Amino acid sequence: MISYSTEFDPLAPVLAVQLTGIVHSRPRVTLPALLDAGSDFTAVLTNLVSRLKLYAVRPLLLEDFSGETREEFLNGLRLGYANQPVREMQVMVTGLPFVILGRDWLNQYYIHLNGPEAAFLVSQTPIPVKQ
């Protein structure tokens with residue numbers, strides 16, 4: 001199992017992910033990524049758009065809590081972690097200093113959160129749960 005990150009309060013499940021552009025495979029960056037089941041989309045740091053030469057692939061209309069709407073663009077990139085296959089993703093940008101792995105990424109995996117032991121597991125196959 002992977003230990004929760006102590007960089008968050010409360011502790012949180014965080015993976016180290018590798019990111020690169022779709023067109024350009026260099027540079028490649030490794031960043032912490034918070035698993036966030038409340039986020040619809042995966043989001044990366046704003047400065048990665050220019051650093052990785054990301055391209056806008058489709059517009060997205062967002063609505064905030066006050067009901068105001070604005071248009072943003074999803075950017076294409078490749079995202080991988082550990083020994084798992086690299087996946088092409090369409091991601092939003094964020095001003096946060098870490099990547100957010102949203103449900104668009106999470107729904108491709110089996111995730112086991114073990115809160116009492118502050119650890120988690122990510123797998124491409126079902127994870128047996130001890131009763």
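Details
- Computed over every Cα-Cα pair of the range 1-58 and binned at 5 Å starting from 0, the pair-distance distribution P(r) comes out as 4, 16, 23, 22, 18, 11, 7, 1 percent.
- Using alpha carbons only: equivalent-ellipsoid semi-axes of the range 1-106, gyration tensor based, whole Å: 21, 20, 11
- Of all accessible heavy-atom area on the range 21-131, the percent that carbon and sulfur account for (1.4 Å): 53 percent
- ³J(HN,Hα), Karplus 6.51/-1.76/1.60, whole Hz, each residue of the range 77-82, x for Gly, Pro: 7, 10, 10, x, 8, 6
- The listed residues Ser50, Ser5, once ranked by accessible area (1.4 Å probe) with the largest placed first, stand as Ser50, Ser5.
- The chain - mean residue ellipticity at 222 nm from DSSP helices (-39,500 (n - 2.57) per run, n ≥ 4, rounded to 500): -1000 deg cm²/dmol
- The range 44-114, relative contact order in percent, only Cα pairs under 8 angstrom and at least six apart counted: 31 percent
- Quotient of C-alpha Rg and 2.2 N^0.38 Å, computed over the range 73-117: 1.34
- Accessible area per residue (1.4 Å probe, heavy atoms of protein chains only) ranks Phe73, Phe8, Phe120 as Phe73, Phe8, Phe120, with the largest value leading.
- Among Pro126, Pro59, Gly21 the positive-end extreme of the charge dipole of the chain (Cβ point charges): Gly21
- Loop-located trypsin sites (Lys or Arg not before Pro) in the range 64-131 (DSSP state not H, G, I, E or B) with no more than 12 neighbouring Cβ atoms inside 10 Å: Lys130.
- Cα centroid separation, the range 1-32 to the range 64-104 (Å): 12 Å
- Å² of accessible area per residue within the chain, as computed with a 1.4 Å probe and no ligands counted: 61 Å²
- Charges were assigned to the Cβ only: +1 to each Lys and Arg, -1 to each Asp and Glu. The resulting dipole of the chain about its Cα centre is roughly 700 debye.
- A DSSP coil position with no more than 16 other Cβ atoms inside 10 Å describes the following GluC sites (Glu not before Pro) in the range 29-131: Glu68.
The values are calculated or read from the model by the stated rules, or taken from the named source; none is laboratory data. Just so we're clear, the structure is a prediction, and the values are computed from it rather than from any experiment. All Cβ positions, even for glycine, are placed from backbone atoms using ideal geometry, and neighbour counts span all protein chains on display. Side chains included, ligands, DNA and RNA excluded: accessible areas come from the protein's heavy atoms. Shrake-Rupley method; radii C 1.70, N 1.55, O 1.52, S 1.80 Å.
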